[in-house]
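The values are calculated or read from the model by the stated rules, or taken from the named source; none is laboratory data. Computed from a predicted model, the values in this text were never measured in an experiment. Methodologically, a virtual Cβ is constructed for each residue, glycine included, from the backbone with ideal geometry; neighbour enumeration extends over all protein chains shown. Each accessible area value is taken on the protein alone, full model and side chains, heavy atoms only, with ligands, DNA and RNA left out. Shrake-Rupley method; radii C 1.70, N 1.55, O 1.52, S 1.80 Å.
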Amino acid sequence: MKPNSLLFSFFLLALLLSCKVGSDQGNNGLYEMRDGQVIYSGDLSDAVSSHILADPSSLHPLNSELAVRYEILDMCFDRLMVFDIHTGNLIPQLAEAPPQVSEDGLTYRFKIREEAAWADGSPIVAEDVVFSTKLNLCPLVENQNLKPYLEYIKDIRADEADPKTLIVEMKGFYINNDYFGVYSYVFDARFYDPKGLIQAYTVAELQDPKSKAMEDEALIAWAEEFNGQAYGRSVDHLISGSGPYVMTEWIPEQRIVLSRNEGYWGKNGTEYWQKQKPDQIIYKIVREDNSAVLQFREELLDVSTYLQPATYLNLQADSTVRMNYHMAIKPRTSFASLALNNRPDGISHQRFFEQAKVRKALALAINRERLVEEVLDGMGTICVSPVPPSNLHFHKNLQPFPYDIQQAETLLNEAGWEDRDQNGIREKTIDGKTVEFSFSFLHPPGSPVVERMAQFIQSELSRVGIECKPEPSADYAQKVQNKDYDATMLSLRASSLPYDFKQTFHSDNWPNGTNYFGYRNEEADRLMNELRAEQDEARRKEIANRIQEIIYEDQPVVFLFNSVKKVILHKRFTGGTIFDVPGYVQLNQLEVVRE
């Protein structure tokens, strides 16, 4: 099947399935729409039961990138600004309005809402944002995914005349300066840093890895504790936010329970993110597809955005499920990839993927059209770039590598990988030793789709003399962060912001950053830095296109596909809208209305 026909088939399938949203499929009489509300006459709970696939390895407020982490913590913590779930546009949250910007575009003044307060009634003030920003900047804090976005901050302080006014000064133009308030939650310094260790240092000192902060024994000890497991796994360490809900229970491998924050400052507000309609939001961990199907059929689960393709189709075909649930397919901005260790140490991990020719050979040897059809049931499109197609910086002229076994074999031969002993596996002499092209493919356990994908890739690569050994690991996330793998399954997401390649692809962010694969290209590095400071939009587009061309040719990861979100939501809720942007379902506004 040609790529364009695959795309057509995908959108046709999405259209057919999305047409089911809102239809009663033989209404059982439990849901009556009246004056804009769903009047529910059944006996199910008012609480919301949300399906997630796995127990989060960490819900640390800073040091984690799990998608489900954001979903849960967004209910418990606030930001200065957020992306509107209705439009995807930036809107104020703790800020009362968008910031005032100076004529030179480098100074931002935020006014924090007068009513914004912590659960004990203490006001949230500018110093809380100053602390939170310094927390993010601290070199000892392991939040490498956020640090690149904050490099342009010159100073941040509270206005001397008004504790609710924040002043942020930038060093220069940066394409994402306007999005400063959305990067991180605002934290209560009284809880996280009661001794004021972070606040004792200036922004400049915290941005300098050689500053005296790095030698401060008290700060080092504090950071070791803050980076530890307690702040990512203990309910007692996850109760200090200012959001509408607070975590009250976490039973590993079973559920995470959020309950109304009775001291919430915005409980009388009208914004959608201020709602506290359900008394509890319960995240139920259900790994097995069959179990998830059964629980939806028995109405034990209310919502999911984590359905596997086959599970979604199974549920969509069930008339009882359609009677009680809305279902929809929505676009995603993330892409799935076979990430390759570009800079292994040659000891714990062999130097399989140092050469671009080898990485391109893998891209040519994997039939991604068939992968999407057979593993994803057609629910995906082949991708060519880390930039999502919806982003203005997406390079529209790049085409997927064709499936070409012969060309893949040619590139492998040119790179010195040949099957000299005719055992079906290529080998190469590296540092005087014969090394077989037999690598481990790290992936998270428990997902049938991921396991099928690993088996598919294993089969494809065996045709060109490469042995790929799937390696499910409970320590998957930690190994990826530590760059402890040969190759791995990696799904990376992007927002609607102007795309900043530095976080993921700049060599400065390896090994102590989120360039997880050790990619390095001097021209790309230079252009990434140039893109960040380029003010002319036409020139930015040119630079972004060239960066994508370089990454495309180097293939530091094998780009596989852009997937979609499969969403299911119980019909008893007023406020039960499935949105088109990430978030998809706003759990805190799901309300059960009865007679």
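Give me the residue from the range 499-510 that is under 20 Å from the mean Cα position of the chain (by Cα) and farther than 22 Å from residue 394 by Cα and, out of that set, least open to solvent (accessible area, probe 1.4 Å). Out of the qualifying residues, it is 509. With respect to residue 41, determine if the residue is over 18 Å from residue 282 (Cβ atoms), at pLDDT 90 or above and of a type outside the set (Asp, Glu). Spelling it out, residue 41 is indeed over 18 Å from residue 282 (Cβ atoms), at pLDDT 90 or above and of a type outside the set (Asp, Glu).
Quick one: in the range 278-290, which of the residues that are more than 23 Å from the chain's Cα centre (by Cα) and at pLDDT 95 or above is surrounded by the most Cβ atoms within 10 Å (Cβ to Cβ)? My answer is 278.
Report yes if some residue within the range 484-498 is of a type outside the set (Phe, Trp, Tyr), in a helix (DSSP H, G or I) and open to solvent by 20 Å² or more (accessible area, probe 1.4 Å); otherwise report no.
Going through the range 484-498, the residues of a type outside the set (Phe, Trp, Tyr) turn out to be 484, 486-498.
Now drop any that are not in a helix (DSSP H, G or I), which leaves none.
No, the conditions are met nowhere in the range 484-498.
Inspect all residues belonging to the range 574-592 and state whether any of them is surrounded by 19 or more Cβ atoms within 10 Å (Cβ to Cβ), in a helix (DSSP H, G or I) and at pLDDT below 95. The answer is no, given that none of the residues of the range 574-592 is surrounded by 19 or more Cβ atoms within 10 Å (Cβ to Cβ), in a helix (DSSP H, G or I) and at pLDDT below 95.
Has the range 461-468 got any residue that is modelled with pLDDT under 95, in contact with a Phe, Trp or Tyr (Cβ under 7 Å, 6 or more places away or on another chain) and open to solvent by less than 70 Å² (accessible area, probe 1.4 Å)? Scanning the range 461-468, I find no residue that is modelled with pLDDT under 95, in contact with a Phe, Trp or Tyr (Cβ under 7 Å, 6 or more places away or on another chain) and open to solvent by less than 70 Å² (accessible area, probe 1.4 Å), so the answer is no. Out of 471, 451, one residue alone is open to solvent by 40 Å² or more (accessible area, probe 1.4 Å), within 26 Å of residue 384 (Cα to Cα), in contact with a His (Cβ under 8 Å, 6 or more places away or on another chain) and modelled with pLDDT under 95. It is 451.
Give me the strands (runs of 3 or more DSSP E) completely within the range 333-440, filtered to those with at least 1 residues that are under 30 Å from residue 498 (Cα atoms) and open to solvent by 20 Å² or more (accessible area, probe 1.4 Å), ordered by residue number. Reasoning before the result, please.
Numbers: elements: 335-340, 380-382, 427-430, 433-436.
Passing ranges, in order: 380-382.
Among residues of the range 496-519 being closer than 23 Å to residue 178 by Cα and hydrophobic (A, V, I, L, M, F, W, C), the one that is modelled with the lowest pLDDT is 497. No other residue among 228, 196 is surrounded by fewer than 19 Cβ atoms within 10 Å (Cβ to Cβ) and either at pLDDT 95 or above or at positive phi (or both) apart from 196. Would a scan of the range 38-48 turn up a residue that is in contact (Cβ under 8 Å) with a residue 24 or more places away in the chain, among the acidic types (Asp, Glu) and assigned to a loop (DSSP other than H, G, I, E, B)? Within the range 38-48, one or more residues are in contact (Cβ under 8 Å) with a residue 24 or more places away in the chain, among the acidic types (Asp, Glu) and assigned to a loop (DSSP other than H, G, I, E, B). Residue check: is residue 147 touching a Pro at 6+ places or on another chain (Cβ under 8 Å) and of a type in the set (Lys, Arg)? Answer is no for this residue. Residues that are part of a helix (DSSP H, G or I) and under 26 Å from the mean Cα position of the chain (by Cα) within the range 459-483 comprise 476, 477, 478, 479, 480, 481, listed in sequence order. For the range 161-195, a residue qualifies if it is in a helix (DSSP H, G or I), of a type outside the set (Val, Ile, Thr) and either within 19 Å of residue 494 (Cα to Cα) or within 21 Å of the chain's Cα centre (by Cα) (or both), and the qualifying residues are 177, 178, 179, 180, 181.
Here 544, 533 are screened, and the one residue that is touching a residue at least 40 places away in the same chain (Cβ under 8 Å), open to solvent by 40 Å² or more (accessible area, probe 1.4 Å) and over 30 Å from residue 276 (Cα atoms) is 533.
The lone criterion from (1) over 23 Å from residue 570 (Cα atoms); (2) modelled with pLDDT of 95 or more; (3) open to solvent by 50 Å² or more (accessible area, probe 1.4 Å) left unmet by residue 57 is number (2). Figure legend. Inter-residue proximity from the range 256-272: first residues over 12 Å from residue 115 (Cβ atoms), second residues hydroxyl-bearing (Ser, Thr, Tyr) and surrounded by fewer than 19 Cβ atoms within 10 Å (Cβ to Cβ), beta-carbon distance below 8 Å, spacing 6+ or different chains. Indicated pairs: 257/248; 258/248; 259/248. Among the residues making up the range 93-109, those that are under 24 Å from residue 263 (Cα atoms) and either of a type in the set (Val, Ile, Thr) or in contact (Cβ under 8 Å) with a residue 60 or more places away in the chain (or both) are 93, 94, 95. State which residue is most open to solvent (accessible area, probe 1.4 Å) when the search covers only the range 206-216 and only residues that are modelled with pLDDT under 90 and outside any helix (DSSP H, G or I). Among them, the one singled out is 210.
Residues checked against (1) in a helix (DSSP H, G or I); (2) among the hydrophobic types (A, V, I, L, M, F, W, C):
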position	(1), (2)
197	no, yes
218	yes, yes
236	yes, no
256	no, yes
259	no, no
